[in-house]
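Worksheet: one structure, shown below.
The values are calculated or read from the model by the stated rules, or taken from the named source; none is laboratory data. None of these values were measured; they are calculated from a predicted model. Counting neighbours? That spans all protein chains shown, and the Cβs are built from the backbone with ideal geometry, glycine included.
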């Protein structure tokens, strides 16, 4: 029973690692190339330009990923809505 489970577990872990690596590579920071940008970027916004950003924690690059409504709500291009109570510029 254990002999058949361990190889299957190893294959599942390797497959998960490959998927995470592909996602990290596709969502990396455009400026510094940080692979963590897709998983842990800060959010910011500029209400005068009506733009919402994802900000790289390492280099500070701002990638426009949404719009800000007049009431301060943020509409992200990938889906979802945030209230404008967060820290922006």
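General observations
- Of all residues in the range 65-81, none satisfies the criterion of being within 23 Å of residue 28 (Cβ to Cβ), surrounded by 13 or more Cβ atoms within 10 Å (Cβ to Cβ) and at pLDDT below 85.
- Matching residues in the range 3-59 - criterion: being at pLDDT below 90 and assigned to a helix (DSSP H, G or I): 3, 4, 5, 6, 7
- So residue 62, is it at pLDDT 90 or above, surrounded by 12 or more Cβ atoms within 10 Å (Cβ to Cβ) and out of contact with any helix residue (DSSP H, G or I) (no Cβ under 9 Å at 6 or more places or on another chain): yes
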